[in-house]
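Asker: Let me begin by handing over the structure; questions about it come next.
A short reminder: the numbers here are calculations on the coordinates, not readings from a lab. Not measured: the values here are computed from a predicted model. Don't worry about glycine lacking a Cβ; one is built from the backbone with ideal geometry, like all the others, and counts go over all protein chains shown.
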């Protein structure tokens, strides 16, 4: 064995010794270089699924979840009490104020990315945007490391937003790319056979295609070629799945649809609940329009109305169906807005301090984590980086945030880079 071991290269020898040590002693050779916090992430997951609500454009924190009633430029927005003593939020969110006992508000987020595209990329991947590599999003990491729950439905679905938005499969296999739905109430497009083709002919065509591709696949057994074949297999499974009904909002009672609201965002929240109920692990939905450089308060009044109504309905619906304990609901945005109101009655980009929210999935509701200063300019207590926030989501899902995964080029990456989970939220 010694001779065979000597024939291996340095990396292979190290891996052999690591695996042997783990098998015989239950330890790893890299333990001395692993940070202490990482060893605390091997745990039973508190969440199984994620519904990630992304507020694209940069939500104004002081007009929503971190109001500053004594700040001179707070504007016309009043502060209201919630159903948890001592916690107040904006009057724009009355329904969520009544469900504060389910929410954990993180008021001490900060970022080093102050433009939309890099900020959105950073928020979705925990890494700065680079031209040489695409980093995976949390939905891809989850399905790669933990697997799908439903064998026929995709494990990662995005509702609204851009088809090529960040947070896709990145350098992982393309099968982890989110299925993109442009609208929530159109169902899944192009999923049924053409009326002129019966099931037998469909099967014959697929078999013929496989025969024609066989020699090519043997000659070029690359990952990209296999991924192309996997797309066909997954599509056929999906076409024949009884769970396609999950995409049909008309199957919901009218009363339920009315509670969520008739907005596109409300329908997206309802669809997200249906998808999670059918075993989809990660659903992201986008509510855009938060880039309020102009007429901040008028725009926020329109934006917060569907946010407040639909997220409140989603939390209640998940709770009554027994799904909230296993479903982590995330409200994220790329940065906040300046406490100062500009000449156009708007607020500008402000990555130095902003707010995100978590609920369900093992999160202890009725709490505020961190704080900003009196005007909402900067973090005053318990600062949380974007990687910390993503590490917290991964921690809830029981994912190995200390595990190093190498890209095809050999570069090492972790799910949330060097982020540390906020264990106090659980």
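Asker: What full-extension length gain, to one decimal in nm, is calculated for residue 149 and residue 340 as 0.36 nm per residue of separation minus the Cα-Cα distance?
Answerer: Extra length available between residue 149 and residue 340 comes to 64.1 nm.
Asker: Would you mind classifying the range 300-426 by shape? Square roots of the alpha carbon gyration tensor eigenvalues, ordered a ≥ b ≥ c; an a/c under 1.5 is rounded, otherwise it is prolate if a/b is larger than b/c and oblate if not. The partial results should precede the final answer.
Answerer: Numbers: a/c = 1.89, a/b = 1.19, b/c = 1.59.
Oblate, because a/c is 1.5 or more while a/b does not exceed b/c.
Asker: Tell me, in nm to one decimal, what length is gained between residue 348 and residue 371 on full extension, where the rule is 0.36 nm per residue of separation less the Cα-Cα distance?
Answerer: Additional length available on full extension: 6.2 nm.
Asker: Checking the a/c ratio against 1.5 first, then a/b against b/c, what shape does the Cα gyration tensor give for the range 89-182?
Answerer: Cα axes put the range 89-182 in the oblate bin.
Asker: Taking R0 as 35 Å, what FRET efficiency do you get between residue 405 and residue 241 from their Cβ-Cβ distance, rounded to the nearest 0.05?
Answerer: 0.70
Asker: Same structure, new question: Determine the shape class of the range 308-361: with a ≥ b ≥ c the square roots of the Cα gyration tensor eigenvalues, call it rounded for a/c under 1.5, and otherwise prolate if a/b is greater than b/c, oblate otherwise.
Answerer: prolate
Asker: Suppose the chain between residue 115 and residue 70 were pulled fully straight at 0.36 nm per residue; how much longer would it get relative to their current alpha carbon spacing?
Answerer: Details: separation 45, 0.36 × 45 = 16.20 nm, distance 2.88 nm.
Contour length minus Cα-Cα distance gives 13.3 nm.
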